[in-house]
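Asker: Have a look at the structure that comes next, please.
The values are calculated or read from the model by the stated rules, or taken from the named source; none is laboratory data. Keep in mind it's a predicted model, so treat the numbers as computed, not measured. Here the Cβ is made from the backbone with ideal geometry for all residues, glycine too, and neighbour counts use every protein chain on show. Side chains are part of the model used for accessible areas, which takes the heavy atoms of the whole protein and leaves out ligands, DNA and RNA. Shrake-Rupley method; radii C 1.70, N 1.55, O 1.52, S 1.80 Å.
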Amino acid sequence: MPFIAALIGYVTKRVAIEMMFKPLEFVGIRPFLGWQGVLPANAERMAATATGMLTDNLVDPKEIFARLDPDQVAKEIEQPLLRVVEDVTREVMEQYQPRLWEMLPVGAQQLLLRRVQAEAPKAIAKIMREISNNIEDVLDLKHMVVTNLVRDKALLNRLIRDISRPEMTFIARSGIVFGFYLGIVQLAVWTLTRSPLVLPAFGMLIGWFTDWLALKMIFLPREPRKFFGFYTWQGVFQKRRHQVAADYGEMIAAEIITVPNILEAVLTGPKSDRLFQMITREVQRTIDSQASVVKPMVAVAVGTRKFQEMKQAAAKKAAERVPHTVRHAEDYAIRALDVRNTIVDRMRQLSPLEFEGLLRPAFRQDEWKLIAVGAVIGGLVGELQVLLLLH
């Protein structure tokens, strides 16, 4: 009986762990006959909780983006930027007045291109300064993180599972130990009573109690505490906080708050229109200040209204291409933003209660389901023991 009880303790833990993460999508007949992993089923809530911890305690977008040197960004993308300026200028001129562009002396064409190209890096640096000072106007970090985690449930699973792998191992192994000792108690009670009810009752107790106790021992106590005068225990997750911080920071920097994800959020997120307005405004200002050499000829040839349309078209094309051009500064941005080390340092400064909030929400709301499943499995194994004894 103690060995079967140990098996119950282990199996119920393994099942509970797998049911947290699998399957990614609902399997069965909705709404009640079937199952979806606890984390995937609550992806939006879990993502919002994780993001709240991230943005409230670990990452300040304004502080992070202040580390970018606008002049260095402009330098990193200078060559592709010059090509964009030339392409946009030629496209607009050929679209609106191809003959005029061809009729312009080569020297005038080159002069215009050189003057606009000379100003382009300065314009980019100015835009970067404005973005850095008003990052909240163009980037919704919470929306970005939640969107990526909800869209990729496997990523959400990895975020929780990878940083809590030792805790999951502890849960499974603890079921063996707790189950064995409860099995000794079960054996004693059954020896005294010989009641078949003892087996399923203890099976349910073992499945329920070992799940409940293991979950508590992951997080509590938050600080080392002595028990029975000689045994010291601290929640497994709390005890590993330095390693957890390193793993969490690594994963966030590598898969969530990445330069491509940030660019995607800026270009397609709920505040993307503000970025394009910002770039359009600066491009139009640059055109006005640098196009004086050909403006009289163009304005006379196509009309003032047509010239304004050309300027707006150039600004629109540039606004569409400049953000993608910034991707050439990705390596520099990764080093400058230093997301990983920022998260690691901040996590190690969290209080034990705040640190618990990193993983605890993944268990809290639906842990009763996992415990209930453990009790049911334990009861079924107990019934199986009864059948074996009767035969």
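Asker: The conditions are (1) over 15 Å from the mean Cα position of the chain (by Cα); (2) under 27 Å from Val339 (Cα atoms); (3) open to solvent by less than 50 Å² (accessible area, probe 1.4 Å), and Ile17 fails exactly one of them. Which is it?
Answerer: The failed condition is (2).
Asker: If you go through region 360-372 one residue at a time, do you hit one that is assigned to a loop (DSSP other than H, G, I, E, B), within 27 Å of Ala254 (Cβ to Cβ), at pLDDT 75 or above and of a type outside the set (Ser, Thr, Tyr)?
Answerer: Residues of region 360-372 that are assigned to a loop (DSSP other than H, G, I, E, B), as a first pass: 360, 365-366.
Now drop any that are not within 27 Å of Ala254 (Cβ to Cβ), which leaves 360.
Filter again for at pLDDT 75 or above, leaving none.
No, that holds for no residue.
Asker: Taking Leu199 as the residue in question, decide whether it is modelled with pLDDT under 80, farther than 24 Å from Pro40 by Cβ and either buried (at least 16 other Cβ atoms within 10 Å of the Cβ) or in contact with a Ser or Thr (Cβ under 8 Å, 6 or more places away or on another chain) (or both). Don't jump to the end; show me each part of the working.
Answerer: Numbers: modelled with pLDDT under 80: yes; farther than 24 Å from Pro40 by Cβ: yes; either buried (at least 16 other Cβ atoms within 10 Å of the Cβ) or in contact with a Ser or Thr (Cβ under 8 Å, 6 or more places away or on another chain) (or both): yes.
For Leu199, the condition - modelled with pLDDT under 80, farther than 24 Å from Pro40 by Cβ and either buried (at least 16 other Cβ atoms within 10 Å of the Cβ) or in contact with a Ser or Thr (Cβ under 8 Å, 6 or more places away or on another chain) (or both) - is met.
Asker: Identify, from the list Glu167, Glu86, the residue that is on the phi < 0 side of the Ramachandran plot and either at pLDDT below 70 or open to solvent by 20 Å² or more (accessible area, probe 1.4 Å) (or both).
Answerer: Of the residues listed, the single one that is on the phi < 0 side of the Ramachandran plot and either at pLDDT below 70 or open to solvent by 20 Å² or more (accessible area, probe 1.4 Å) (or both) is Glu86.
Asker: Identify, please: which residue in region 20-78 is under 25 Å from Ser351 (Cα atoms) and not in a helix (DSSP H, G or I) and is, among those, nearest to the chain's Cα centre (by Cα)?
Answerer: Among those residues, the one meeting the criterion is Val59.
Asker: Another question, then. For Pro61, are the conditions met, namely being surrounded by 14 or more Cβ atoms within 10 Å (Cβ to Cβ), at pLDDT 80 or above and within 20 Å of Arg165 (Cα to Cα)? Talk me through it step by step, then tell me what you get.
Answerer: Working: surrounded by 14 or more Cβ atoms within 10 Å (Cβ to Cβ): yes; at pLDDT 80 or above: yes; within 20 Å of Arg165 (Cα to Cα): no.
Answer is no for this residue.
Asker: Are any residues in region 226-281 surrounded by 13 or more Cβ atoms within 10 Å (Cβ to Cβ), in a loop (DSSP other than H, G, I, E, B) and more than 14 Å from the chain's Cα centre (by Cα), and if so, which ones?
Answerer: To start, the set of residues in region 226-281 that are surrounded by 13 or more Cβ atoms within 10 Å (Cβ to Cβ) comprises 233-241, 244-253, 255-259, 261-267, 269, 271-272, 274-281.
Narrowing further to those that are in a loop (DSSP other than H, G, I, E, B): 234-235, 240, 257-258, 269, 271.
Those that are surrounded by 13 or more Cβ atoms within 10 Å (Cβ to Cβ), in a loop (DSSP other than H, G, I, E, B) and more than 14 Å from the chain's Cα centre (by Cα): Gln234, Gly235, Arg240, Gly269, Lys271.
Asker: Would you mind stating whether Phe355 is modelled with pLDDT under 70 and in a helix (DSSP H, G or I)?
Answerer: Values: modelled with pLDDT under 70: no; in a helix (DSSP H, G or I): yes.
When the stated conditions are applied, Phe355 does not pass them.
Asker: From Gln109, Gln95, Gln72, Gln79, which residue is out of contact with any Leu (no Cβ under 7 Å at 6 or more places or on another chain), at pLDDT 80 or above and not hydroxyl-bearing (Ser, Thr, Tyr)?
Answerer: Exactly one of Gln109, Gln95, Gln72, Gln79 is out of contact with any Leu (no Cβ under 7 Å at 6 or more places or on another chain), at pLDDT 80 or above and not hydroxyl-bearing (Ser, Thr, Tyr), namely Gln72.
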